[in-house]
Amino acid sequence: MIEIFSATNKLRFIALAIALVALISLPFWVSGIYYINVGSQILFFAVFALGLNILVGYAGLVSLGHAGLFGISAYATAYMLQQGFGHTTAVAVALVIGLASMALFAVLSLRSSGIGFIMITLALGQILWGLAYRWISVTDGDNGIPVRGRPAPFGYSLTDPVNFYYASLIIFIVAVAMVFIFVRSPFGAALMGTRDQPRRMNALGYHVWMIRFYACLFSGLLTAVSGILFVYYTNFISPQTLALTSSAEVLLMVISGGPGTLLGPIVGATLVVVIKTVVSGFIERWNFLLGAIFVAIVILVPEGIVPGSIRLWRLIVRKRAAAPPAPAATTERTP
Amino acid sequence: MSALTISGLNKSFGGLHVTRGVDLDVQPGERRLIIGPNGAGKTTLFNLITGELTPDTGSVSLFGQDITKTPSRDRPHLGMARTYQIITLFGKDTIIHNVRLALLGLSPMRWNPWTNLRRDDRFTEAGHKALARVGLSHIADRPLSQTSYGERRRVEIAMALAQEPKVLLLDEPFAGLSIDERRDVHKCLMAIPRDVTIVMIEHNMDVALEFAERITLLHFGEVIVEGNRAEVVNDPRTREVYLGH
């Protein structure tokens, strides 16, 4: 038993090392700035999806207003820069505003869970979109706010796409590590408990509301960080980013990849970004293709690409293992 | 001082008066049985005691401390634990993880977002100890989905015991069990030391009567009869509302 455990651990370690090397060396083996930029987009959208997954996957709370939170941090950054503040101040203010908005979202929407939570977050997200669209004195409405230049932390100018990619990569790795540690922690276990049996958790002495509230803040932090990366990447923010379709898109990243898994949101973000940016260059009706892929996911791996692939892989391995001898031993394992 | 005192408890759902002026006084170490026909308000009474429902009037005290206004989530911290009639466990996890969650609920560690819970030997050891009390420590690492109904009942009890309660509320711990499983659960309950006060709802009279010292009969939300085993069983009102079918 212990040997098998360490063997899978070793495999995991090797896979992790390969992934890290691939990500770090990416600027050297992909051809051209364009694909490096696609890489950056995948990374910060993955951070966004990881943030939403804290709620959708681990807290069992589906939010349809996260694009609003993503956008408000981006707007705060752009607005502060437009007002002549430095990058540090702009980023700090954007983080505070992003977290404060998330706290307000949480206080209002945690009055319910399930469909109620979805509808309240949807409404709040739409309010932020409406503000971006109509509060013209601050946001310049449909025109959006342009951002001039990217910061240069420690002398590395992020204007260079490769440097920006590495900055995104560092933040991405920190985010993944945070979620990885969080999920195994006592608080993470408590959060998943409130997802599965909130009433029982209350009876065991847990403060269910407060646990969910803190989870919202963690989700909001990752969302704000990705929103700031986004605005520096595009150098522009407009109400479009806060629209309901953006909220739905990031939710699809989480659901297609596999909610409640560490890799799922990353795979989902990769899928959506690649189709949106790369494949859309070859296929005009890329939306159709994305829709078709989602339908295929729902039919073949309804639990998401990552857990679904693991299930299919095990099925194949077991069939192979069971094929030579009599298949009598397999009956016991079926749930 | 009484372990659990309830006085003048009332609860209505709209026009339905479910709990009518219930008084209850349970001494430390006592084994109290609450019986009554379906719809008598037994589980509602438990929900009022644990605070999952708020009484319209009346008060609940735990060892002399008035806890009527204490939120239900704080009551386990004061030494009150319960099990559910309908098994309420974490079905995706292992048995030991279920018990670990029960232990974690009373520990300040539950707010800790950076250590590895599974590697924390304190919780694993205490969890095994609690499971040993119900005879399940040998299958602690088994996923809950691969356990029998009787084993799940015992996991429920292990989770309550893990919290080392002073007052333990058992809501039909024998419900749905086979004769063998009933014997196992009975053994677990008999082994609980006397520093734990137990209040139990049960329909299964033969096992329950053997276990309890004092019995309270509820009928339409009211206490009809209360007394020791012989008194209640021989009372004509008991025969009328409960045993006389």
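Bear in mind that the values in this text are calculations on the coordinates, not laboratory data. Everything quoted here is computed from the prediction, not taken from an experiment. When we count neighbours, we look across all protein chains shown, and the Cβ atoms used for this are built from the backbone with ideal geometry, even at glycine.
Here are some notes:
- Applying 0.36 nm per residue to the separation of A:THR245 and A:LEU16 and subtracting their alpha-carbon distance, the gain on full extension is 79.2 nm.
- If you take the alpha carbon atoms of chain B and fit the smallest convex hull around them, that volume is 134 Å³ per residue.
- Relative contact order (%) - criterion: Cα under 8 Å, at least six apart; region: chain A: 28 percent
- Here region A:9-70 and region A:168-209 have alpha carbon centers that stand 19 Å from each other.
- Listed by chain and number, the aspartates and glutamates whose C-alpha is less than 12 Å from the C-alpha of B:LYS11, apart from same-chain residues fewer than 8 away, are B:ASP56, B:GLU222.
- Amide H contacts of B:ARG82 (H built 1.01 Å from N, under 5 Å, at least 5 apart or other chain): B:LEU169
- Ranked B:TRP114, A:TRP286, A:TRP29, criterion: other C-beta atoms within 10 Å, fewest first: A:TRP29, B:TRP114, A:TRP286
- Remark: mean inter-chain Cβ contacts per residue of B:65-73 equal 2, using a 10 Å Cβ-Cβ cutoff to other protein chain atoms.
- In this simple spin-label model, placing a label point 7 Å from the Cα along the Cα-to-Cβ direction at both B:GLN27 and A:ASN163 gives a separation of 8.1 nm.
- Sequence-separation-based contact order of chain B, relative, with Cα cut under 8 Å and 6+ spacing, percent: 28 percent
- Amide H to amide H distances under 5 Å link B:THR197 with B:GLY29, B:VAL167, B:LEU168, where only residues 5 or more positions off or on other chains count and H is placed in the peptide plane.
- Computed from the Cβ-Cβ distance with R0 of 41 Å, the FRET efficiency linking B:ASP66 to B:ASN38 stands at 0.85.
- Note on A:TYR206, B:TYR149: ascending count of other Cβ atoms within 10 Å places them as B:TYR149, A:TYR206, the fewest first.
- Phi-based couplings in Hz for region A:146-154 (Karplus 6.51, -1.76, 1.60; Gly and Pro marked x): x, 10, 9, x, 10, x, 10, x, 6
- A simple spin-label model places the labels of A:SER25 and A:ARG311 3.5 nm from each other, with each point 7 Å out along Cα-to-Cβ.
- With N as its number of residues, the protein assembly as shown has a Cα radius of gyration that, divided by 2.2 N^0.38 Å, comes to 1.16.
- Amide H partners (placed H, <5 Å) of A:LEU61, local residues excluded: A:VAL56
- Pair B:SER2, A:ARG318: separation of 7 Å Cα→Cβ label points (nm): 5.5 nm
- Helix axis angle, A:286-300 relative to chain A longest principal axis, alpha carbon, degrees: 30 degrees
- For the residues of B:85-93, the average number of beta carbons from a partner chain within 10 Å of their own beta carbon is 3.
- When the Cα gyration tensor is reduced to axis lengths a ≥ b ≥ c, the ratio a/c is 1.5 or higher for region A:13-323, and with a/b not above b/c it is classed as oblate.
- Sites B:LEU16 and B:ALA175 - FRET efficiency at Förster radius 22 Å, r taken between beta-carbons, to 0.05: 0.40
- Two-site FRET efficiency, A:ASN9 against A:MET210, from Cβ-Cβ distance with R₀ of 51 Å, rounded to 0.05: 0.90
- Legend: distances between Cα atoms for B:LYS42/B:LYS187; B:LYS69/B:LYS129; B:LYS129/B:LYS166; pairs beyond 27 Å are B:LYS69/B:LYS129.
- ³J(HN,Hα), Karplus 6.51/-1.76/1.60, whole Hz, each residue of region A:175-190, x for Gly, Pro: 4, 4, 4, 4, 5, 4, 5, 4, 5, 7, 7, x, 5, x, 4, 5
- Residue with peak Gaussian network fluctuation, chain A [Cα springs, cutoff 10 Å], from A:PHE154, A:PHE45, A:PHE230: A:PHE154
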